[in-house]
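**Q** Starting off with a structure, shown below.
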Amino acid sequence: MSNQPIIVVLGPTASGKTALAVELAKIYNGEVVSADSMQIYKGMNILTAKPSVSEMQGIKHHLIDFLEPEKDFSVADYLKLANRSIDDIAKRGKLPILAGGTGLYIDALIDNIKFDDTTKDKVFRDKLFDLAKEKGNHYLWEKLLEIDEPSALSIHENNVPRVIRALEVYEKTGQRLSEHKKQSRLEQSRFCPAMIGLTFSDRQILYDRINKRVDTMISKGLVYEAEKIYKNKALNTAHQAIGYKELIPYFSGQASLEECIEKIKQETRRYAKRQLTWFRRDERIFWIEIDKYKNFVEILEKIKKHIAKCINM
């Protein structure tokens with residue numbers, strides 16, 4: 001369907017995207033389509049901060065908790081499934097609401113960016129995986145930063161498969177992934193989006209929320225969940241998630257749990273900064289600085305007015 005109305009709720013981690021998406025789904029008779037590159041995996045509920053049944057409040061969520069952690073999943077795979085989910089929602093007379101913090105997924109879907117999976121080179125990829133094991137994920141990420149800063153800023157250094165994919169595209173085509181994205185808009189977007197970004201005028205409030213969220217995740221059993229992944233070497237994809245790699249020194253007896261928890265908080269704060277850097281480039285986003293409002297009702301009223309301007313609801 002061309003000009004398909006869609007609400008997009010985006011922003012950094014711990015900004016309240018799930019709660020807002022659910023509330024908008026209740027108001028506009030909608031269903032939520034996740035735009036989170038880690039919540040797709042099974043068995044990583046705490047690690048990826050998946051919304052609980054109670055948080056979903058009866059609203060159907062798509063593209064969450066459906067893939068085994070050892071399976072590969074590309075942006076092209078996401079686009080195929082996301083478009084299919086959106087078509088299904090629209091056919092049933094409901095409004096699709098895209099919600100998440102993976103900027104690449106959101107841009108690719110809303111702007112109809114084409115991703116070519118034919119440039120894969122297993123030998124090259126294996127070489128880079130070995131390099132990451134030998135010199136660390138950050139070393140590999142810095143290699144990407146040197147050749148393609150926009151892509152590097154959108155990918156967490158622990159997300160080794162996506163870092164490698166960006167390096168692979170450059171190696172095989174001579175073109176940066178970020179440039180490929182700009183040139184791959186072969187067709188006009190089929191969406192009419194109302195894009196809502198959540199943030200805070202005082203960055204420290206976001207960081208405090210992140211720190212508190214990590215503490216809550218620890219109390220819910222994050223260490224136990226991460227240890228199961230640590231013991232199962234087949235779950236390579238799970239190693240991308242913030243909260244896993246930072247706990248490895250604890251599991252191997254090289255650092256205290258307290259030190260590793262602080263590292264998780266630090267890495268999550270850095271990730272939030274990168275998310276904001278990515279999203280700030282898109283002038284279509286209507287930003288809500290949450291700390292400037294008295295309550296959630298005021299925020300909703302402001303957002304509803306913006307949605308009315310963007311799509312006929």
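Where a number appears in this text, it was derived from the coordinates with a stated rule and is not lab data. Note that the coordinates shown come from a computational prediction; the quantities given were computed from them, not determined experimentally. Neighbour counts are summed over all protein chains in view; Cβ atoms, including those assigned to glycine, are modelled from backbone coordinates with ideal geometry.
**Q** Throw me the Rg/Rh for the range 117-181, computed over C-alpha atoms with Kirkwood Rh, two decimals.
**A** Using only Cα positions, Rg/Rh for the range 117-181 is 0.93.
**Q** At what distance in nm do the modelled label points of Asp77 and Asn29 sit from each other, each positioned 7 Å from its Cα along Cα→Cβ?
**A** 3.5
**Q** Further, regarding this structure: Could you size up the charge dipole of the chain around its Cα centre, putting +1 on the beta carbon of Lys and Arg and -1 on that of Asp and Glu, and report it in debye to the nearest 20?
**A** In debye, rounded to 20, the chain gives about 640.
**Q** Dimensions of the chain along principal axes (Cα, Å, largest first)?
**A** 54, 45, 33
**Q** Please report, ordered by residue number, every helix of the chain (full DSSP H runs) that is 18 Å or longer along its axis going by C-alpha atoms and whose mean Kyte-Doolittle hydropathy reaches -0.5.
**A** 75-91, 160-173, 296-310
**Q** Let me ask another. Share of Cα-Cα pairs in the range 1-78 beyond 18 Å, in percent?
**A** The calculated P(r) of the range 1-78 puts 45 percent of pairs beyond 18 Å.
**Q** Right, next: Please give me the summed charge of the neighbours of Glu146: other residues whose Cβ is under 14 Å from its Cβ, Lys and Arg +1, Asp and Glu -1.
**A** Local charge sum for Glu146: -3.
**Q** Net charge near Ile210, counting Lys/Arg +1 and Asp/Glu -1 over other residues with Cβ under 9 Å of its Cβ?
**A** +4
**Q** If you take every residue apart from Tyr28 with its C-beta less than 11 Å away from the C-beta of Tyr28, what net charge results, scoring Lys and Arg +1 and Asp and Glu -1?
**A** +1
**Q** Here's a follow-up. Filter the cross-link list Lys80/Lys114; Lys42/Lys133; Lys26/Lys60; Lys42/Lys71 down to pairs whose alpha-carbon distance in this structure exceeds 18 Å.
**A** Lys42/Lys133
**Q** Sequence-distant or interchain residues sharing an amide H contact under 5 Å with Trp287, placed H: which?
**A** Close amide H contacts, sequence-distant or interchain: Gly197.
**Q** Within the chain, which is the longest segment containing none of the GluC sites (Glu not before Pro) that sit in a DSSP loop and have at most 13 other Cβ atoms within 10 Å?
**A** 71-186
**Q** Further, regarding this structure: Taking trypsin sites (Lys or Arg not before Pro) as candidate sites, keep only those in a DSSP loop with at most 10 other Cβ atoms within 10 Å, then name the longest stretch of the chain containing none of them.
**A** Longest gap between qualifying sites, sites excluded: 93-232.
**Q** Simple spin-label model, 7 Å along Cα-to-Cβ: Gln188 to Gln57 in nm?
**A** With each label point 7 Å from Cα toward Cβ, the separation is 3.6 nm.
**Q** Express in nm, to one decimal, how much length is gained between Gln254 and Gln175 on full extension, taking 0.36 nm for each residue of separation and deducting their alpha carbon distance.
**A** Result for the pair: 24.4 nm of gain on full extension.
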